[in-house]
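Trainee: Dropping the structure in here first, questions after.
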Amino acid sequence: MEKIIVLGTGMAIVVDSFNTAFVLQDSNQKKLLVDTGGGKEILKQLKNANIDLNDIHDIFISHKHIDHFSGLLWLLRLISYAMKKGEYEGNLTIYCHDEMAIIIEEQLNIFVEKVAKKFLNTRIFIQVVNDHETVKVLSYDLEFIDIQAKKDKQYGFKTTLNNGKTLAFMGDEPMDENLYDEVKNVDYLLTEAFCLETEIDEFKPREKGHETVRGASLKAQEVQAKNLILWHTAENLGKERKEKYTQEAKENFTGNVYVPDELEVIELK
């Protein structure tokens, strides 16, 4: 069964929850880690999800913000040591755009021990991907998409799943109207929703380059998506977040709505 394993759902400045990151698992149980959160807690979240580091051979980093990228340094540290001890089989490939590739290599040289540098370009590979380039990752043909972010360069991707359904991950900024045709009629649309529409004065999402639940769900309705997955959210609502976000989304979107919690598994049927 293909699935999404949710590691975190929080936006950048969260305290009690983990930043947005997830694993896409194909029908062969191979795993693509999408973003790595803001620090060492990525290791704990993978452990809590019963995912062994030896199962992580493909990582996609969408952009340079620390809540999406800095957990990678901890992964590189542990994986490189596992490689040295003969405990990690195979290679690790990190997919990202050109600006991100430069940052990863610079950060690796500054913060990660020599053992990781030893494996760079021999067993740890940084693969630069371009806008609308299709790359075979796991059993998927991933088409990478420049989401035309207003802040920093950011990529998402779309693909056809093993079961024939389509999936599009559109990063953590409001979906640009120029991309609507890219995701028209997609089965699973993965996008951000910073807060409720009623919380605009408190959070000012659009001033920060983000969207409300209402805005995200209206866009999902416009492109006629079948299933909408919302994350990269504030944590102020606690346990009420799922209910209130789902309610606002369903007021504007006729498909299925998912507002996952950390470590929730979404089966892609």
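What follows draws every value from the coordinates through simple rules; no lab data is involved. What you see is a predicted model, and the numbers here were worked out from it, not measured in a lab. When we count neighbours, we look across all protein chains shown, and the Cβ atoms used for this are built from the backbone with ideal geometry, even at glycine.
Trainee: For q = 0.27, 0.28 Å⁻¹, what log10 I(q)/I(0) does the range 185-239 give under the Debye formula with an equal point scatterer on each alpha carbon and no solvent?
Mentor: -1.04, -1.08
Trainee: Follow-up question, since we're still on this one. Among GLY215, GLY39, GLY86, which one moves the most in a GNM of the chain with springs linking Cα atoms closer than 10 Å?
Mentor: Per the Cα network of the chain with a 10 Å cutoff, GLY86 tops the list.
Trainee: Give me the number: length gained by fully extending ASN121 to THR160, i.e. 0.36 nm times residue separation minus the C-alpha to C-alpha distance, one decimal in nm. Intermediate results must be reported in sequence, preceding the final value.
Mentor: Numbers: separation 39, 0.36 × 39 = 14.04 nm, distance 2.93 nm.
11.1 nm is the gain from fully extending ASN121 to THR160.
Trainee: State which entries of LYS153/LYS269; LYS30/LYS136; LYS184/LYS219; LYS64/LYS226; LYS31/LYS150 exceed 20 angstrom in Cα-Cα distance in the structure shown.
Mentor: Over 20 Å apart, Cα to Cα: LYS153/LYS269; LYS64/LYS226; LYS31/LYS150.
Trainee: Hey, what did the range 3-262 get for relative contact order, percent, Cα under 8 Å, at least 6 apart?
Mentor: Here the relative contact order equals 15 percent.
Trainee: Same structure, new question: For the range 1-88, go through all pairs of different Cα atoms, get the mean of 1/r, take its inverse, and jot down that Kirkwood value in Å. Intermediate results must be reported in sequence, preceding the final value.
Mentor: Working: mean 1/r = 0.0764 Å⁻¹.
It works out to 13.1 Å.
Trainee: Just grab the label-to-label distance for ASN185 and ALA82, each label 7 Å out from Cα along the Cβ direction, in nm (one decimal).
Mentor: Placing both labels 7 Å along Cα→Cβ, they lie 4.1 nm apart.
Trainee: Can you tell me what the convex hull of the Cα atoms of the range 3-262 projects to on average, as an area in nm²?
Mentor: Mean projected area for the range 3-262: 12.9 nm², to one decimal.
Trainee: Here's another thing I want to ask about it. In the neighborhood of PHE253, defined by Cβ-to-Cβ distances under 12 Å, what is the net charge if each Lys or Arg adds +1 and each Asp or Glu adds -1?
Mentor: The answer is +1.
Trainee: May I ask you to sort SER70, SER62 by Cβ crowding, counting other Cβ atoms within 10 Å and putting the fewest first?
Mentor: By the 10 Å Cβ count, ascending: SER70, SER62.
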